[in-house]
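The values are calculated or read from the model by the stated rules, or taken from the named source; none is laboratory data. In this text, all values refer to a predicted model and were calculated from it rather than measured experimentally. When we count neighbours, we look across all protein chains shown, and the Cβ atoms used for this are built from the backbone with ideal geometry, even at glycine. All accessible areas refer to the heavy atoms of the entire protein, side chains included, with ligands and DNA or RNA removed. Shrake-Rupley method; radii C 1.70, N 1.55, O 1.52, S 1.80 Å.
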Amino acid sequence: MDREGIRRTVIELLEADLGERFESLSDGQKLREDLGLDSVDVVSVVSQIERRFRIRLSQTDLEKLSCVGDTLDLLEAKIAEAAANPSPAVSPANPAAA
């Protein structure tokens, strides 16, 4: 998925979670100041992002996020990493993957 696809998905998740309409998100917009996200909003949206993209974001990752561009950069990297290193499927033949 390219950066604009990730941006569209993040907009969709924000709109669903916050009940607000976001026409667009520019890289320079601050998550808290410009978008009005509080810590509860961030946790909720991050949880949805992790499920949607099938990635995990650490507390350290989250502490680095201050604007939309930071978020998109991190998601691009994590999605590429997940695609390059897919986790083994969980199956009865592979219980160690569970």
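Here are the numbers for this structure:
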| read-out | value |
| --- | --- |
| Per residue accessible area in Å² of the chain, where ligands, DNA and RNA are left out and the probe is 1.4 Å | 64 |
| The chain, accessible surface, carbon-and-sulfur percent (1.4 angstrom probe) | 51 |
| Computed lengthening from K64 to T9, 0.36 nm per intervening residue step minus Cα-Cα distance | 17.8 nm |
| Amide N proximity, the stretch 18-47 versus D2 label position 7 Å along Cα-to-Cβ, cut-off under 20 Å | 24-28 |
| The chain pair-distance distribution - Cα-Cα, 10 Å bins, rounded % | 14, 47, 25, 10, 3 |
| Lys, Arg +1 and Asp, Glu -1 on Cβ, resulting dipole of the chain about Cα centre, debye, nearest 20 | 440 |
| Efficiency of FRET between D34 and A84 - r from beta-carbon atoms, R0 30 angstrom, step 0.05 | 0.40 |
| Given 14 as the ceiling on other Cβ atoms within 10 Å, longest exposed-site-free region of the chain for trypsin sites (Lys or Arg not before Pro) in DSSP loops | 65-98 |
| Length-normalised contact order for the chain - Cα pairs under 8 Å, 6+ apart - percent | 30 |
| Residues whose placed amide H lies under 5 Å from that of C67, excluding near-sequence neighbours | L31 |
